[in-house]
C-alpha cells in the first residue's frame, strides 16, 4: 500500500511542478515551489521504483546513510569521502539469500 501512495504522490508532485513551471507569473516563490515539487517528486519516484529492494536493506545501513548525509550537508567538500565510503560499505555488506526461489 505504501508503494502505491508514493507513486501517486510522485506523479502529483511532478505534474504540479510542471504546471508551475509554465504559469505566466514568474516570481521567486513560483520558481521555488516548482523546483521543490519537481525535486521531491523525482525522489519519491526513485524510492517508488526501488521500494521492493529497499525492504532488504539492513537497518544499520539507514543510520550510516543518514549520518553521511548530515555530514555532507554540514561540510559539502566531504562528499568526495562520503560517497566512496558508502559504496565501499555497500560492497562489503553480507550477501545473503534474501529472496525465496520459486
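The values are calculated or read from the model by the stated rules, or taken from the named source; none is laboratory data. Given the structure is predicted, the values throughout are model-derived calculations rather than measurements. Positions of Cβ are generated from backbone atoms using ideal geometry, with glycine treated the same way; all protein chains shown enter the neighbour counts.
Only residues that are in contact (Cβ under 8 Å) with a residue 12 or more places away in the chain and over 15 Å from residue 35 (Cα atoms) were counted across the range 1-17, and they come to 5. Name the single residue, out of those in the range 48-71 being closer than 30 Å to residue 20 by Cα and touching a helix residue (DSSP H, G or I) at 6+ places or on another chain (Cβ under 6 Å), that is modelled with the lowest pLDDT. Out of the qualifying residues, it is 51. Selection within the range 72-97: residues that are outside any helix (DSSP H, G or I) and surrounded by 10 or more Cβ atoms within 10 Å (Cβ to Cβ). The member of this set that is modelled with the highest pLDDT is 75.
Looking only at residues in the range 20-35 that are part of a helix (DSSP H, G or I) and free of Cβ contacts under 8 Å to residues at least 12 places away in the same chain, the one that is surrounded by the fewest Cβ atoms within 10 Å (Cβ to Cβ) is 28.
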